1. Provide an ascending nm list, one decimal, of label-point separations from A:Arg13 to the equivalent residue in each further copy; define each label point as 7 Å from Cα along Cα→Cβ.
2. For the stretch D:6-73, count all C-alpha to C-alpha pairs, find those more than 14 Å apart, and express that count as a whole percent of the total.
3. Could you work out, residue by residue across A:74-83, how many beta carbons of other chains sit within 10 Å of that residue's beta carbon, and then give the average as an integer?
4. Summing both sides, how much accessible area is buried between D and C? Use a 1.4 Å probe and give Å² to the nearest 100.
5. Assuming 0.36 nm per residue, please report the length gained on full extension of the stretch C:Asp123 to C:Arg17 beyond their Cα-Cα distance.
6. Taking the label point 7 Å from Cα in the Cβ direction, how far apart in nm is B:Glu125 from each other copy of itself, listed shortest first?
7. For C:45-53, what's the mean count of beta carbons from other chains sitting within 10 Å of each residue's beta carbon?
8. Under the convention of a label 7 Å out along Cα→Cβ, give the distances in nm from C:Thr84 to the same position in every other copy, shortest first.
4 protein chains.
Amino acid sequence: MNTKPTDFDPRQRASYRAFSHIPIRYGDQDPLGHVNNAAIAAYFEHARCEQLLPRIASSDAPNLNIVLARIVIDYVREIRYPGTVDIGVRVTHIGSKSLVISGAAFVGNTCAAIADATIVFFDTEHRRATLPPEAVRARMAELR
Amino acid sequence: MNTKPTDFDPRQRASYRAFSHIPIRYGDQDPLGHVNNAAIAAYFEHARCEQLLPRIASSDAPNLNIVLARIVIDYVREIRYPGTVDIGVRVTHIGSKSLVISGAAFVGNTCAAIADATIVFFDTEHRRATLPPEAVRARMAELR
Amino acid sequence: MNTKPTDFDPRQRASYRAFSHIPIRYGDQDPLGHVNNAAIAAYFEHARCEQLLPRIASSDAPNLNIVLARIVIDYVREIRYPGTVDIGVRVTHIGSKSLVISGAAFVGNTCAAIADATIVFFDTEHRRATLPPEAVRARMAELR
Amino acid sequence: MNTKPTDFDPRQRASYRAFSHIPIRYGDQDPLGHVNNAAIAAYFEHARCEQLLPRIASSDAPNLNIVLARIVIDYVREIRYPGTVDIGVRVTHIGSKSLVISGAAFVGNTCAAIADATIVFFDTEHRRATLPPEAVRARMAELR
């Protein structure tokens with residue numbers, strides 16, 4: 001199913017179409033003195049929402065939203081407080097009711113984590129997967 | 001690398017060796033009115049720590065800890081507040097410096113999410129992967 | 001405004017009307033190796049919701065909810081992972097559109113934190129403070 | 001004990017000595033569709049740490065840290081996702097082993113919450129309150 005571009009290197013900043021910039025919060029740390037893995041999962045979520053939700057909101061589909069169906073995160077290096085994490089995102093697959101958005105967490109040019117998130121278009125009224133309008137798919141494809 | 005038991009069905013309670021019981025907190029919810037995916041990731045983390053940390057603490061290795069190297073979570077169904085989530089865990093692979101701990105989130109007998117976490121034994125003084133004592137590996141194997 | 005019962009000793013378990021039992025999650029800790037203050041704030045929120053929301057849901061007011069207007073927390077002792085925190089709650093003041101719910105966090109019989117939360121009845125449609133039905137006030141008064 | 005400057009208006013940006021800028025994360029929201037109160041508590045914590053920890057780290061006291069002894073937060077208005085919250089901070093009282101740092105959360109020029117945090121200087125080795133070096137007190141007084 002995964003049809004990533006053949007030249008896609010997930011650990012390079014140049015591979016991504018958009019970036020979200022996230023200041024590390026003190027409370028993101030855990031007792032090991034580094035950023036907790038669940039905080040890094042929240043960074044990826046924040047970046048997905050920042051990049052994708054405005055592309056949905058621009059449509060005429062009031063009950064359309066997105067939910068996470070699958071997440072894969074590889075933690076490559078520790079992230080230490082304080083600082084800012086840049087999350088790069090790129091849509092690497094578009095299906096009929098779902099898409100894959102790949103991401104990476106950078107501290108400067110160092111890649112600290114990479115992720116693939118499978119997102120499902122979701123009807124908030126009937127609470128089930130749904131086909132999005134073509135205009136929404138086109139907006140998502142801008143991040144391909 | 002993954003060498004799960006051939007009869008391992010991740011969506012069945014009977015597949016797991018130990019369970020952690022986690023009350024859903026109000027703040028685990030997100031604006032979609034269900035438990036947020038990052039909260040579910042934290043449930044799996046809590047269960048891993050509850051089951052694995054005491055098996056490390058019983059050893060003579062004061063600087064030994066575990067860190068998460070890779071997480072895969074499949075979100076199968078929504079989880080709704082209020083209630084309790086039971087997280088089943090089972091060690092499904094043991095390598096030299098790492099292991100895979102599989103888990104599932106149950107609400108009653110309904111499986112809402114499954115996860116595979118790759119854990120690395122970590123030397124907190126030198127901050128790098130390390131070989132654990134044989135006694136620790138044996139304690140981990142009790143969850144196999 | 002605050003009209004607490006004169007015999008109310010906030011650091012005694014016997015002062016409280018109901019208890020919520022909250023397992024400490026690994027991720028509740030911070031780099032100082034104890035439970036983070038924001039996690040303790042979330043424990044108090046969880047207890048308030050567990051005790052108060054069912055008393056609202058039983059009414060005929062579909063748009064009625066509660067929001068937090070003011071919180072005061074005194075952190076008395078460190079809380080350490082692992083373990084369970086018992087949050088005692090008691091309604092110590094009832095106004096027309098608001099109430100004060102007092103709480104304390106216990107580890108065994110040791111009081112680790114006390115809190116006073118001012119809660120406002122909230123109309124989720126008009127997004128403003130509102131007068132609750134008398135039946136809701138009566139249900140709240142059961143925790144007095 | 002509280003000896004705030006007589007001209008201190010906590011809801012005005014001009015009252016504060018330093019600001020931390022915090023992007024609202026998607027996961028900071030709760031089911032009411034606004035930023036959760038515990039997330040706002042974490043914003044204040046982040047601002048305190050960002051402003052105070054570097055002033056401690058510059059000293060020769062390796063085991064010196066700060067812990068929160070008391071927090072008072074007044075939630076004045078809802079905060080809605082997306083956006084950035086500016087947290088203003090000002091030291092409004094300095095005692096021998098503690099200080100009060102006041103703060104406010106602004107969305108643009110609108111004050112959404114105000115807080116008073118009582119911070120205690122903490123010896124991480126002996127895990128108790130301690131007198132800080134005079135140099136640290138002087139650095140803190142720069143935020144007065």
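1. When each copy's label point is compared with this one, the spacings are 2.9, 5.1, 5.6 nm.
2. 71 percent
3. That average works out to 3.
4. 2000 Å²
5. Numbers: separation 106, 0.36 × 106 = 38.16 nm, distance 2.69 nm.
Full extension from C:Asp123 to C:Arg17 adds 35.5 nm.
6. 1.9, 6.4, 6.7
7. That average works out to 4.
8. The answer, with the shortest distance listed first, is 0.8, 4.5, 4.6 nm.
The values are calculated or read from the model by the stated rules, or taken from the named source; none is laboratory data. Owing to the predicted nature of the structure, the values given are computational and were not obtained by experimental measurement. Note that each Cβ is placed from the backbone with ideal geometry, even for glycine, and that neighbours are counted across all protein chains shown. For accessibility, only protein heavy atoms count, side chains too; no ligands or nucleic acids. Shrake-Rupley method; radii C 1.70, N 1.55, O 1.52, S 1.80 Å.
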